[in-house]
Amino acid sequence: MKENDLKIDDSVKVKNGILCPDLKELCIGGWQGRISEIAEDDDDNTIVRIEWDSITLKYMPDYYIDQSIEDGLDYSAMYLFPDEVELSKSRDKKEDIAEMIESILKAHRWGWLGEEGKRIQKVLFNVNEDDEMEALEAWEKYLEKILSFPFDAIITESTGRRQLKIGDKVRVERISYVEDLHGINIELSMGRNKYDHPLCDMKVINVNSSNYQPVNDYCLWYGNH
């Protein structure tokens, strides 16, 4: 298609066989959207910026969205050459796109963390993460179900007047309580003494334990939420 045939807001479809410029193994033939910009690249070639419609966004591969987020790229739009697209009929409204992007952001909020991020997303599925207590309670429910008590851990952070020091080895007995200041708190013992300590400030000693990954995922989430 000639560049003069295209205008801002035109609905276009990517021609069959066209590959993603940033991910060559991904064929984007059939993807549809609207032209939001007509510009020139570094070689003075005309390029068009296509904002994908809600249907393309809905069926976009998860790995592409996660990779784009991790690389700081915009999965919701792409620059292509005019001869790589053809005019098409609009399939949705612009407000549909905003709703779909909001849904994708919730589903892929932790995608940039790779496999850990995918596990975090499963724990927080259908949870309003803006409500910290709701998110913490989802973690509590998950950890209560999956952790095997007791287990050995090491203290990684110690603040304020806490009697535990970094490097102390402790025995984790159970989940004690949840509060918004320090998240999930654990009842643990060291010698004859018992303490409550934030789970985010400890690490499972045995890396081969079934407890290691869930606790590490929680700590990763807590440190980045």
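The values are calculated or read from the model by the stated rules, or taken from the named source; none is laboratory data. Bear in mind that the values here come from a model prediction, so they are computed numbers and not experimental data. Cβ: placed from backbone, ideal geometry, glycine included. Neighbour counts: every protein chain shown. Ligands, DNA and RNA are stripped out before the accessible areas are found, and what is left, the full protein with its side chains, is counted by its heavy atoms. Shrake-Rupley method; radii C 1.70, N 1.55, O 1.52, S 1.80 Å.
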Among (1) touching a residue at least 60 places away in the same chain (Cβ under 8 Å); (2) open to solvent by 60 Å² or more (accessible area, probe 1.4 Å); (3) not small (Gly, Ala, Ser), VAL14 falls short only on (2)
Segments classed as strands (runs of 3 or more DSSP E), wholly inside region 23-96, with at least 3 members that are open to solvent by less than 70 Å² (accessible area, probe 1.4 Å) and modelled with pLDDT of 95 or more: 32-40, 46-52, 77-80
Unmet criterion (only one of (1) of a type in the set (Ser, Thr, Tyr); (2) out of contact with any helix residue (DSSP H, G or I) (no Cβ under 9 Å at 6 or more places or on another chain); (3) surrounded by 19 or more Cβ atoms within 10 Å (Cβ to Cβ)) for TYR218: (2)
Residue tally, condition more than 19 Å from GLN213 (Cα to Cα), open to solvent by 20 Å² or more (accessible area, probe 1.4 Å), in contact with a strand residue (DSSP E or B) (Cβ under 6 Å, 6 or more places away or on another chain) and hydrophobic (A, V, I, L, M, F, W, C), over region 151-199: 3
Looking only at region 97-116, and only at residues there that are without any contact (Cβ under 8 Å) to a residue 24 or more places away in the chain and either assigned to a helix (DSSP H, G or I) or β-branched (Val, Ile, Thr) (or both), the one that is farthest from TRP52 (Cα to Cα): GLU115
If we keep only residues of region 133-149 that are without any contact (Cβ under 8 Å) to a residue 60 or more places away in the chain and surrounded by fewer than 15 Cβ atoms within 10 Å (Cβ to Cβ), then the residue nearest to LYS203 (Cα to Cα) is PHE149
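Residue by residue, here is whether (1) within 20 Å of LYS122 (Cβ to Cβ); (2) hydroxyl-bearing (Ser, Thr, Tyr); (3) under 24 Å from the mean Cα position of the chain (by Cα) holds:
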position	(1), (2), (3)
ASP168	no, no, no
ILE175	yes, no, no
ARG192	no, no, no
ASN216	yes, no, yes
TYR222	yes, yes, yes
Is it fair to say VAL207 is on the phi < 0 side of the Ramachandran plot and open to solvent by less than 70 Å² (accessible area, probe 1.4 Å)? no
